[in-house]
Amino acid sequence: MLNLILFGPPGAGKGTQAEFLIESFGLIHLSTGDLLRQEIAAETKLGKEAKQLMDKGELVPDHVVIEMIKNKFAAHPEANGFIFDGFPRTVAQAKALDVLLEENKTPIKAMLCLEVEKQELIDRILFRGKTSGRSDDQDVWIIEKRISVYNKKTAPIKEYYEAQNKHYPIDGMGRVEEIASRLENTVRSL
């Protein structure tokens, strides 16, 4: 099973590039944001627990998210693999994910980390903001804060996967197709 983490700062193009990887390798996209919305919409026990926390402005705890991922795995036993988008965001989440995947004997094969210059990230998000309707995609101060939070809280996960020889930096600059080609070539070389 080919399990990949697509990683990078806000605006790096993870969502766009995930589509190419899904198509090329027959993977199932696993976005924790999508999972949370699906569980809430289905009014599952986990969805109700998550909604209560989110309605209070609190973060959904790792154990709830891991349980949702576990359910997604169980729903797709025939999968070629999964591409994780937006998860893990902390070393604790990465460790919890490793435990879950080891239970299923399907470890993470690689963390593909899109490396993009800060000004390019800002430009991409502002461009996306013209059509996304998201106010946080239209304010440079908020965008810079999101990038800063990523650098302080999320980027350290790279070291966790470097220690396992699973971290693959990918040049995320250039045309979408060029980046997709770099990602695909890296995955084929694993």
Self-check item: Cα-based shape type of the stretch 121-184, given that a ≥ b ≥ c are square roots of the gyration tensor eigenvalues and the cut on a/c is 1.5
Solution: oblate
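Using a Förster radius of 41 Å, what is the FRET efficiency between Val91 and Lys130 based on their Cβ-Cβ separation? Nearest 0.05, please.
After rounding to 0.05, the efficiency reads 0.70.
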Exercise. Under 11 Å from the Cβ of His29, count the other residues' Cβ atoms, weight Lys and Arg +1, Asp and Glu -1, and hand me the total.
Key: -2
Quiz item: Which of Ala74, Ala155, Ala12 moves most in a GNM of the chain, Cα contacts under 10 Å?
Solution: Ala74
Quiz item: Ranked highest first by the average count of other Cβ atoms within 10 Å around their residues, in what order do 83-96, 135-148 fall?
Solution: 83-96, 135-148
Quiz item: Translational D (Stokes-Einstein, µm²/s) of the stretch 76-144 at 20 °C and 1.002 mPa s when Rh comes from the Kirkwood sum over C-alpha pairs?
Solution: 144 µm²/s
Quiz item: When we measure straight from the Cα of Lys105, which lysines land under 25 angstrom away, once same-chain ones fewer than 8 places off are left out?
Solution: Lys70, Lys72, Lys95, Lys158, Lys166
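Using only the Cα atoms of the stretch 1-85, build the gyration tensor, take square roots of its eigenvalues as a ≥ b ≥ c, and label the shape rounded, prolate or oblate: rounded if a/c is under 1.5, else prolate if a/b is larger than b/c, else oblate.
Since a/c reaches 1.5 but b/c is at least a/b, the shape of the stretch 1-85 is classed as oblate.
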Quiz prompt | Residue among Thr154, Thr44, Thr32 with the largest mean-square fluctuation in a Gaussian network model of the chain, springs linking Cα atoms under 10 Å | solution = Thr44
Quiz item: Taking only protein heavy atoms and a 1.4 Å probe, what accessible area per residue, in Å², does the stretch 116-190 have with all protein chains in place?
Solution: 64 Å²
Quiz item: Relative contact order, percent, of the chain when contacts are C-alpha pairs under 8 Å separated by at least 6 residues?
Solution: 32 percent
Exercise. With a point put 7 Å past each Cα toward its Cβ, work out how far Val140 is from Asn165 in nm, to one decimal.
Key: 4.5 nm
Self-check item: Over the stretch 104-190, relative contact order from alpha-carbon pairs under 8 Å, at least 6 apart, %
Solution: 40 percent
Exercise. For Ile170, enumerate residues with amide H under 5 Å from its amide H, sequence gap 5+ or separate chain, H modeled in the peptide plane.
Key: Cys113, Leu114, Glu115
Quiz prompt | Rounded Å value of the spacing that divides the Cα centres of the stretch 36-51 and the stretch 114-143 | solution = 29 Å
Practice problem: With a Förster radius of 22 Å, plug the Cβ-Cβ distance of Val176 and Asp34 into 1/(1 + (r/R0)^6) and report the FRET value to the nearest 0.05. | Solution: 0.55
Exercise. With a bin width of 10 angstrom, please list the P(r) values of the chain as percents of all Cα-Cα pairs, from the 0 bin to the one holding the largest distance.
Key: 9, 34, 39, 18, 1
Exercise. Please give the length that would be gained between Lys48 and Ala155 if that part of the chain were fully extended, namely 0.36 nm times their separation in residues minus their C-alpha to C-alpha distance (nm, one decimal).
Key: 35.5 nm
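The values are calculated or read from the model by the stated rules, or taken from the named source; none is laboratory data. The structure displayed is predicted, hence computed values, not measured ones. Counting neighbours? That spans all protein chains shown, and the Cβs are built from the backbone with ideal geometry, glycine included. Only protein heavy atoms, including side chains, enter the accessible area calculation; ligands, DNA and RNA are left aside. Shrake-Rupley method; radii C 1.70, N 1.55, O 1.52, S 1.80 Å.
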